[in-house]
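Following: one structure in structure tokens, then a few remarks.
The values are calculated or read from the model by the stated rules, or taken from the named source; none is laboratory data. Just so it is clear, the model here is predicted, and its values are computed rather than measured. Using ideal geometry, Cβ is built from the backbone for each residue, glycine included, and neighbour counts are taken over all protein chains shown. Heavy atoms of the whole protein, side chains included, go into the accessibility calculation; ligands, DNA and RNA do not. Shrake-Rupley method; radii C 1.70, N 1.55, O 1.52, S 1.80 Å.
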Amino acid sequence: MTTIAIVVGAGRGHRFGAGMPKQYRALAGVPVVRHAVQTLAEHPSVDGVIGVVHPDDHDLFENAVAGIEGVTHTDGGAERQDSVRNGLAAAAAFSPTRVLIHDAARPFVNGALIDAVLHPLDKTPGAVPALPVADTLKRGADGRISDTVDRTGLYRVQTPQGFRFEEIKAAHDKAIGQTLTDDAAILEAAGLPVALVPGKERNFKITTQDDLSRAEALIAGGPARTGFGFDVHRFERGDALRLCGVDLPHDFKLAGHSDADVALHALTDALLGAIGQGDIGAHFPPTDDRWKGADSQVFLAEAARLARQAGATISNVDLTIICEAPKVGPHRDVMRARIAEILEIAVTRVNVKATTTERLGFTGRREGIAAQAVATVLFPG
Ligand code: MG
């Protein structure tokens, strides 16, 4: 079963006024569209993501999603419906069984919502996340209420909307010339049933500058969680040792099952701790030959991916390397840059420092290196 996600962001966001289209504005330090593309691309049930972008915005999109695997893009059309049809045409190359169609400007889609939308597709050709209308609804004209609308059975519909590919593709092709407001409506017009699954309030669409501020506030104002990591590796004879993904010339190397990068191990444990997902040994058991001699950057990148999948944004990480030698100072900047790159965060959110133990204890006797790390992540409020 192949599932393709189509992320529709071909509009130019007129309500934002002049400047960059809203889907490329920065949210928590990365473009708005990157949030959703990354969540979808990293979901275990999603096999690929197709961005539908304005023909003038190819560079913007490519830069926005740089480094995320399994993402391609195609040109949008005059209206949203045309854009989705282009996305479906591009998806056909993958022969998918299911598609998710998502707005580029809904950054807070998460793994649970994707699962909820995909689940009913075993039994029904379409499923959409929706929230019951809670406010009283009025119809009005010329600044006056004309009547009160019964809100019983009324829903506000979100994305991602999930469909069986053959049905939605045929329905879209059939709907050319009609103007329908969303993809569910296209399936409805074809006379096919669409299931409602519970949506999420936080999965709102960024339409105005106020929405973007609200999104920033949600990320900044949500609960912060902190995790702690500690690791030790002993020295053995060698000519270089790896710390923070950087090879330092030295008379010793660190012994271990993987590349023994003690600093990245402590950091990986800190990040896993912050999201409540155990420790490095549980995810990458030393008994597994796959991790023999492994580059520990893989472990840290996976912890960062799990954090994003859980809906968390990495606020900052702080690392202390404890040893008499080698000197960390001259390598500090390149270490920070490497960690920032692996975590996909700004370098200002990464701190690397070092201390000795005044020649006391095993680090003082130069038998090995210890590292301590703290990671703080923010969950949307
Ligand atoms: Mg270790």
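Tabulated results
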item	result
Percent accessible area from carbon and sulfur atoms, segment 3-221, protein chains only, probe 1.4 Å	50 percent
Within segment 262-339: Cβ-based charge dipole about Cα centre, in debye rounded to nearest 20 (Lys, Arg +1; Asp, Glu -1)	260 debye
Rounded accessible area of TYR24 (nearest 10 Å², 1.4 Å probe)	10 Å²
Set of lysines with alpha-carbon distance to LYS205 below 16 Å, sequence-local pairs under 8 removed	LYS22
Whole-Hz couplings from phi, Karplus 6.51/-1.76/1.60, listed for segment 186-198; x for Gly and Pro	5, 5, 4, 4, 7, x, 9, x, 10, 7, 9, 10, x
DSSP H segments from the chain that extend 24 Å or more along their own axis, Cα-based, with Kyte-Doolittle mean of 0.0 or above	none
Helix-derived mean residue ellipticity, 222 nm - over the chain, DSSP H n ≥ 4, -39500 (n - 2.57), to 500	-8500 deg cm²/dmol
Charge dipole (debye, nearest 20) of the chain; +1 at Cβ of Lys and Arg, -1 at Cβ of Asp and Glu	740 debye
Quotient of C-alpha Rg and 2.2 N^0.38 Å, computed over the chain	1.17
Solvent-free Debye scattering, log10 I(q)/I(0), computed from the Cα coordinates of segment 203-307 at q = 0.14 Å⁻¹	-0.63
Heavy-atom accessible surface of segment 223-337: percent carbon and sulfur, 1.4 Å	50 percent
Accessible surface, per residue, of the chain when the full set of protein chains is kept, probe 1.4 Å, Å²	46 Å²
MET20 accessible area, assembled protein chains, probe 1.4 Å, Å²	90 Å²
Dipole axis of the chain (+1 Lys, Arg; -1 Asp, Glu on Cβ), positive-most option in GLY9, SER83, GLN158	GLN158
Antiparallel bridges, percent of DSSP beta bridges restricted to the chain (to nearest 5)	60 percent
Exposure of LYS138 as accessible area (Å², to 10), given a probe of 1.4 Å and all protein chains	110 Å²
Cα centroid separation, segment 308-373 to segment 203-279 (Å)	9 Å
